[in-house]
Amino acid sequence: MEFNVPLAQWTKNRLLIQWIEEQIALCQPSSVHLCDGSAEEYDRIAHQMTAAGVLVPLKKRPASYWCHTNPDDVARVEESTFICSKHAEDAGPQNHWRDPAEMKKKLLSLFARCMRGRTMYVIPYCMGPLASSYSRVGVEITDSPYVVLNMKIMTRMGQVALDHLGDQPFIPGLHSVGHPLSKGEKDTLWPCNPKERVIAHFPEEKSIYSFGSGYGGNALLGKKCLALRIASVLGKNEGWLAEHMMILGLTHPAGQKIYIAAAFPSACGKTNLAMLTPTLPGWKVECVGDDIAWMHIGDDGRLYAINPEAGFFGVAPGTSMKTNPNAMRTIEHDTLFTNTALTPDKDVWWEGIGSPPPAHLTSWLGVMWDPASRKPAAHPNSRFTVSAKQCPIASPAMEDPCGVPIAAILFGGRRNRVMPLVLESFSWNHGVMLGASLTSETTAAAKGKTGELRHDPFAMLPFCGYNMGDYFSHWLAMGRRLQKAHAPRIYSVNWFRTGDDGKFLWPGFGDNVRVLKWIFERVTDRCEAGLSPIGHLPMMGSIDLSNLNIPIEPLFELHQKEWMNEVQELQRFFESFGSRFPKALMDELHQLEQRINRWQDD
Ligand code: O2Y
Ligand code: MN
């Protein structure tokens, strides 16, 4: 077997050596590349992929590339994603469960000889700052050079991760596009195997197997698979939280800074919030992370968050100088674009970029785009992969090994009615209920219908690696351990309420700082809030509307009937977790129900 460096020279970690040798024997690649994570390695692989026609170098953005995927490999695939715990109840009703022994048998047959004719890449990667004791090391074995490039951007990858690992155990992840090449067979531009797609997690042995897809969260195993599904199990066992949350720093014009974590279902504007450009003078936002937060209780009893990732895998459509100027500046160079459209002068374009489509666009399908087709030129889930360091408002705290202290946690869904612009919970447990109640219209980030209302508690439904009933209990237990005076306050936000004409009532984007300002004032005890049956609401005049000419009342309109329906629906959903659903949370729901029933008397 041909190696780029001798295995024993690359690592002394015996567990790692043994695991790699076993995977070579199973997958039978034609060569093995042990990644060092250097810039030279990245450039060499990018050049090879360019020569093969997979990557197209962009003329307007230095060191940037465009590629497009197989049309059947464009998003996460929840129907092919499995949690293989010993007992089905431990995976919970929200996950697809498979018996671990049966799944292993199936995987062994899928992976047998699956890398024939291909190079096997071994990618050690660290999730979290290298100096942090909260960080975890994973090793991904893959036959996709696209995955290597993305992992280099999204994680601390290569020699640095090996150094952090030493001789300790690691989280193994085996990935293959599932398309071996026979002798002389010409490769396709985007090899994959959609019919045999499986993304399997083994929470008890903490391992990941992914077969058949080369795209995003299915293939970049550090992200959704390790940092959420496996880490959520580690967090439950070890007393911390692995969450689908962005993290931002918010600085008051007078200089005081707080940190906020926020969970939104996939592609609901989380990246835009994480990189917000405030419309209120003097306020500053810094981005710590746009997708995932690992939160531990510090010695002082406060909740501290690190971002386990090093890059952004952001949704391109809708990103513009108006909606997210910081993202637009971030992606000016050293960026990979997947499934956007390509302009004739070799730049990228997507719907909502803020300029009309130029003539002669190549669509995400790699063919000339026909504007009359009424089909989008860029796939709705097309992405940019870029280092977080390139973000003009990247927080220096991104590298803080201790993380940042979280003062407020936000849960936001896409709701055209019912949920007010902002709402503060009465208590930690009430806040956990707000998180468990999160419901949103579906988006293009996952395969399936868009625009349907679905429950997505804590925005974790596709990402919790164990029974969500137990997950809610874990959140309640974390609340008991947090020092009451320092526990973050919990909020629900909704940027997406619409009026009778179907138009959004709230301008969103940079104006969301007006809501963040109110939250800042609440957590720093600068303002009173009003009482309502559903939680604390801003008092009249306490949301700063300066230079904004909109009526605020419709954003806070509450209707008893709608809320009675909401409670009934939540009760049905909560009951779906059976005996695993914590009684304390059902009590919270019943208290809410009583307050709503008494509403007219209030
Ligand atoms: O992983 C994908 O294929 C797209 S989904 C995604 C990507 C980056 C960040 N978040 C998500 C998500 O679905 O939440
Ligand atoms: Mn996400």
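Looking at Gly435, is it within 16 Å of ligand 2 (Cβ to nearest atom) and either buried (at least 18 other Cβ atoms within 10 Å of the Cβ) or hydroxyl-bearing (Ser, Thr, Tyr) (or both)?
When the stated conditions are applied, Gly435 passes them.
Every listed requirement among (1) over 18 Å from the mean Cα position of the chain (by Cα); (2) within 16 Å of ligand 2 (Cβ to nearest atom) is met by Phe264 save one, (1).
Condition check: in contact with a helix residue (DSSP H, G or I) (Cβ under 8 Å, 6 or more places away or on another chain), more than 16 Å from ligand 1 (Cβ to nearest atom), within 22 Å of Pro203 (Cα to Cα) and not in a helix (DSSP H, G or I). Does Tyr466 satisfy that?
Criteria met by Tyr466.
Just wondering, is there one or more residues in segment 255-266 that are in contact with a His (Cβ under 6 Å, 6 or more places away or on another chain) and within 14 Å of ligand 1 (Cβ to nearest atom)? The answer is yes; a qualifying residue exists.
Scanning segment 178-202 for residues that are surrounded by fewer than 24 Cβ atoms within 10 Å (Cβ to Cβ) and within 19 Å of the chain's Cα centre (by Cα) yields a count of 0. One residue stands out among those in segment 231-247 that are under 18 Å from Asp290 (Cβ atoms) and within 16 Å of ligand 1 (Cβ to nearest atom): the one that is surrounded by the fewest Cβ atoms within 10 Å (Cβ to Cβ), which is His244.
Rundown of residues vs (1) assigned to a loop (DSSP other than H, G, I, E, B); (2) within 16 Å of ligand 2 (Cβ to nearest atom), yes/no style:
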{"site": "Ile141", "(1), (2)": "no, no"}
{"site": "Asn150", "(1), (2)": "no, yes"}
{"site": "Asp167", "(1), (2)": "yes, no"}
{"site": "Gly173", "(1), (2)": "no, no"}
{"site": "Gly184", "(1), (2)": "yes, no"}
{"site": "Ala200", "(1), (2)": "no, no"}
{"site": "Tyr209", "(1), (2)": "no, no"}
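Assuming Lys375 fulfils every condition listed in (1) touching a Pro at 6+ places or on another chain (Cβ under 8 Å); (2) over 30 Å from Val404 (Cα atoms); (3) more than 16 Å from ligand 1 (Cβ to nearest atom) apart from one, which condition is it? Lys375 satisfies all of (1) touching a Pro at 6+ places or on another chain (Cβ under 8 Å); (2) over 30 Å from Val404 (Cα atoms); (3) more than 16 Å from ligand 1 (Cβ to nearest atom) except (1). When every residue of segment 406-426 is checked against the conditions, at least one turns out to be in contact with a Phe, Trp or Tyr (Cβ under 8 Å, 6 or more places away or on another chain), within 16 Å of ligand 1 (Cβ to nearest atom), within 24 Å of Ser532 (Cβ to Cβ) and not in a strand (DSSP E or B).
Matching residues to (1) among the aliphatic types (A, V, I, L, M); (2) surrounded by 22 or more Cβ atoms within 10 Å (Cβ to Cβ); (3) not assigned by TED's automatic domain parsing to the domain that holds Gly578:
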position	(1), (2), (3)
Asp456	no, yes, no
Ala459	yes, yes, no
Tyr471	no, yes, no
Phe504	no, no, no
Glu521	no, no, no
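Taken over segment 124-146, the criterion of being within 19 Å of Ser213 (Cα to Cα) and surrounded by fewer than 23 Cβ atoms within 10 Å (Cβ to Cβ) is satisfied by Pro145 alone. So if I check each of Met154, Met115, which one is within 16 Å of ligand 1 (Cβ to nearest atom), surrounded by 23 or more Cβ atoms within 10 Å (Cβ to Cβ) and among the hydrophobic types (A, V, I, L, M, F, W, C)? Checking each option against the conditions leaves just Met154. Among the residues of segment 565-585, those that are part of a helix (DSSP H, G or I), farther than 16 Å from Phe426 by Cβ and of a type outside the set (D, E, K, R) comprise Asn565, Gln568, Leu570, Gln571, Phe573, Phe574, Gly578, Ser579. Among the residues of segment 296-333, those identified as among the polar types (S, T, N, Q), within 16 Å of ligand 1 (Cβ to nearest atom) and part of a loop (DSSP other than H, G, I, E, B) are Asn307, Thr319, Asn324.
Working only within segment 371-405, note down all residues that are assigned to a loop (DSSP other than H, G, I, E, B) and either without any contact (Cβ under 8 Å) to a residue 40 or more places away in the chain or within 20 Å of the chain's Cα centre (by Cα) (or both). Passing the criteria: Arg374, Lys375, Ala377, His379, Pro380, Asn381, Ser382, Cys391, Ile393, Ser395, Gly403. With a requirement of 1 or more residues that are more than 16 Å from Ser135 (Cα to Cα) and assigned by TED's automatic domain parsing to the domain that holds Val404, the strands (runs of 3 or more DSSP E) lying completely within segment 214-295 that satisfy it span 245-251, 257-263, 284-289. Filtered by the rule that a residue be in contact with a Phe, Trp or Tyr (Cβ under 7 Å, 6 or more places away or on another chain) and under 23 Å from Pro191 (Cα atoms), segment 1-48 gives Leu26, Cys27, Val32, His33, Leu34, Cys35, Ala46. Residues that are surrounded by 19 or more Cβ atoms within 10 Å (Cβ to Cβ) and either modelled with pLDDT under 95 or part of a helix (DSSP H, G or I) (or both) within segment 524-562 comprise just one, Leu555. For segment 194-225, filtered to residues that are among the aromatic types (Phe, Trp, Tyr) and touching a helix residue (DSSP H, G or I) at 6+ places or on another chain (Cβ under 8 Å), the residue that is farthest from Leu26 (Cα to Cα) is Phe202. So, Ala327, is that one within 19 Å of the chain's Cα centre (by Cα) and over 18 Å from Tyr134 (Cα atoms) or not? Judged against the criteria, Ala327 is a match. Selection within segment 407-417: residues that are surrounded by fewer than 24 Cβ atoms within 10 Å (Cβ to Cβ) and modelled with pLDDT of 95 or more. The member of this set that is farthest from the chain's Cα centre (by Cα) is Ala407.
The values are calculated or read from the model by the stated rules, or taken from the named source; none is laboratory data. The model shown is predicted, which means the values in this text are computed figures rather than measured ones. Cβ coordinates were reconstructed from backbone atoms using ideal geometry, including for glycine residues, and neighbour counts include every protein chain displayed.
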